[in-house]
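These notes are about the structure you will find just below.
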Amino acid sequence: MRCPQLIIATILASSLTSTMSGADDLVHNDAPKGFTVLFNGKNLDGWIAHRQNPYKLAEMSKEDRKTFLDEQWKDAELHWSVDNGELVNDGKGVYMTTPKEYRDFELLVDFKLLPKGDSGIYLKATPQVQIWDTTKEAGYWRLGADKGSGGLWNNAGGSPGKDPIANADKPIGEWNSFRIKQIGARTWVWLNGKLAVDGSPLHNYWNRALPLRNQGPIQLQTHGNEVRWRNIYIREIGREEATLTLADRDSGFETIFDGESLEGWAGPVENYEVVDGTVRCKQGKGGTIYYNQNLTDFVVRLEFKVPAGGNNGLAIRYPGKGDTAYVGLCELQVLDNTAEKYARLDARQYHGSVYGVVAAHRGYQRPVGEWNYQQVTVKGSWVKVELNGTLIVDADVTKPEKHMGKRHIGINRLDGYFGFAGHGDAVQYRNVRIKKLAAANPTPAENKPPVKK
């Protein structure tokens, strides 16, 4: 069995060693190990520029997009320059933008403000990691500048990450250093070595009803004041490191599958097999196996891998017999969304969906055959599904009045088992862990009448 804590500690130690402290005034010519240079310290080569809603940009034809970006670059040349190895913006014009889009990454960047400075860094073309003059004299305290730079300022009011948890800005005129990590929507920000945002999701400013886009460019904002930038480096984060980072965020989880046997599990366990530390549904077999411990509210973390065309599900508050999609609280679909045979499914049948009840957002799975990380939170009638760092379901499952197919008689269940609902495909799971939560309502499910449909 792997030791996530040891592996992630090694990764973080290596990364921290290579992070610039910003304590001196040197321009570093070489990227830290594992990082790529974004700004060469000499000219604007390797960048594009624009300040356009990414959804509108994506709607343009290839030809129209090129014409648009060519015009935007003319504006960039008026307001961006290189001085003494530093990237300088006069406070006006379009945003300096990476031509490449990134999914999971770590970004290092230094910045320096003038008095009353105000700027930011867009992640996946989305605002923003906030940068500003945090002194009272600058006049931004009414907007939260007294809390410091580094927060996800465009997140909804009161949400985690909007305000930084530490005020670490250096005096105006001195260089500051950011270390920013983003996996899915989850975002970590360190300012001058102090943690400012601890894994909070960056909200989708462009469409609050949708999760953050699964990939996008890095952008340096212009906001009316001169800003200088230097030492801009990026490192793309691999799948395993991304999973370990997400899985290691807090404690209190109990391993319920030991990677060696199905001890503690019930149901048709003969239809599953343990292979290389994973539990796998036998091809052509199925049925719902479950961890034999009754649960009310809980969080489950796991990794899953689907073969091409694979179909399985997570049984949530399963009563121990019957079809969990209808007699349990729900079945959360586990599916190869890219399979042609599934191209015309109901939206409530794709991966992560509360089967037949609530549709999940799509586009956040890794390629077929790769391991995905998923976290599910069940509290009362509320279910949240986070896939590879992005929230794809966040719903009260009792609210939808219309269900697909037959009546979901278990939709009001308040307790039951967690398990895997096999449908004949060799879907695999590993690193399955559960944390029990205090029940929102301890009343047994059998004492609560079902919702009439």
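The values are calculated or read from the model by the stated rules, or taken from the named source; none is laboratory data. The structure displayed is predicted, hence computed values, not measured ones. Don't worry about glycine lacking a Cβ; one is built from the backbone with ideal geometry, like all the others, and counts go over all protein chains shown.
Quick test for you: out of Glu303, Glu370, pick the one residue that is closer than 21 Å to Leu246 by Cα, assigned to a loop (DSSP other than H, G, I, E, B) and touching a helix residue (DSSP H, G or I) at 6+ places or on another chain (Cβ under 8 Å). Give the steps one after another, and end with the answer.
Numbers: Glu303 fails: assigned to a loop (DSSP other than H, G, I, E, B).
None of the other options fit; the residue is Glu370.
Mind counting the residues in the range 366-397 that are over 26 Å from Ile411 (Cα atoms) and out of contact with any strand residue (DSSP E or B) (no Cβ under 6 Å at 6 or more places or on another chain)?
Matching residues across the range 366-397 total 4.
Looking at Asn225, Asn231 in this structure, which one is within 30 Å of Ala49 (Cα to Cα) and either part of a loop (DSSP other than H, G, I, E, B) or outside the structural domain of Val94 (by TED's automatic domain parsing) (or both)?
Unique residue meeting the criteria: Asn225.
Looking only at residues in the range 372-407 that are in contact with a Ser or Thr (Cβ under 7 Å, 6 or more places away or on another chain), of a type outside the set (Ser, Thr, Tyr) and surrounded by fewer than 18 Cβ atoms within 10 Å (Cβ to Cβ), which one is nearest to Arg186 (Cα to Cα)?
Ranking the qualifying residues of the range 372-407, first place goes to Lys384.
Tally up the residues in the range 270-288 that are farther than 19 Å from Asn431 by Cα, without any contact (Cβ under 8 Å) to a residue 60 or more places away in the chain and either in contact with a His (Cβ under 8 Å, 6 or more places away or on another chain) or of a type in the set (A, V, I, L, M) (or both), please.
Selection size over the range 270-288: 0.
Only one residue in Lys124, Lys147, Lys112, Lys100 is modelled with pLDDT of 95 or more and either farther than 26 Å from Tyr233 by Cα or not assigned by TED's automatic domain parsing to the domain that holds Ile237 (or both). Which one? Even if it seems obvious, please write down each step before you answer.
Numbers: Lys124 fails: either farther than 26 Å from Tyr233 by Cα or not assigned by TED's automatic domain parsing to the domain that holds Ile237 (or both); Lys112 fails: either farther than 26 Å from Tyr233 by Cα or not assigned by TED's automatic domain parsing to the domain that holds Ile237 (or both); Lys100 fails: either farther than 26 Å from Tyr233 by Cα or not assigned by TED's automatic domain parsing to the domain that holds Ile237 (or both).
When all the criteria are applied, what remains is Lys147.
Considering only the range 215-246, how many residues are out of contact with any Asp or Glu (no Cβ under 6 Å at 6 or more places or on another chain) and either closer than 11 Å to Gln182 by Cα or hydrophobic (A, V, I, L, M, F, W, C) (or both)?
10
If only one of Leu244, Leu195 is crowded, with 19+ Cβ neighbours inside 10 Å and either modelled with pLDDT of 95 or more or of a type outside the set (S, T, N, Q) (or both), which one is it?
Leu244
For the structure I just gave you, tell me whether Ser261 is surrounded by fewer than 12 Cβ atoms within 10 Å (Cβ to Cβ), outside any helix (DSSP H, G or I) and at pLDDT 95 or above.
Spelling it out, Ser261 is indeed surrounded by fewer than 12 Cβ atoms within 10 Å (Cβ to Cβ), outside any helix (DSSP H, G or I) and at pLDDT 95 or above.
Quick check on the range 336-355. Is at least one of its residues outside the structural domain of Gly238 (by TED's automatic domain parsing), surrounded by 24 or more Cβ atoms within 10 Å (Cβ to Cβ) and of a type in the set (Phe, Trp, Tyr)?
Scanning the range 336-355, I find at least one residue that is outside the structural domain of Gly238 (by TED's automatic domain parsing), surrounded by 24 or more Cβ atoms within 10 Å (Cβ to Cβ) and of a type in the set (Phe, Trp, Tyr), so the answer is yes.
On the given criteria, is Arg249 of a type in the set (Lys, Arg) and out of contact with any Asp or Glu (no Cβ under 6 Å at 6 or more places or on another chain)?
Spelling it out, Arg249 is indeed of a type in the set (Lys, Arg) and out of contact with any Asp or Glu (no Cβ under 6 Å at 6 or more places or on another chain).
Select from the range 151-177 the residues that are touching a Phe, Trp or Tyr at 6+ places or on another chain (Cβ under 7 Å) and touching a residue at least 40 places away in the same chain (Cβ under 8 Å) and list them in ascending order.
Correct list: Asn154, Asn176.
Which of the residues spanning the range 166-180 are part of a strand (DSSP E or B) and either in contact with a Pro (Cβ under 8 Å, 6 or more places away or on another chain) or among the β-branched types (Val, Ile, Thr) (or both)?
Result: Ile180, single match.
Yes/no per residue for (1) basic (Lys, Arg); (2) more than 17 Å from the chain's Cα centre (by Cα); (3) in a strand (DSSP E or B):
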residue: Ser159; (1), (2), (3): no, no, no
residue: Gln182; (1), (2), (3): no, no, yes
residue: Arg208; (1), (2), (3): yes, no, no
residue: Asn214; (1), (2), (3): no, no, no
residue: Glu241; (1), (2), (3): no, no, no
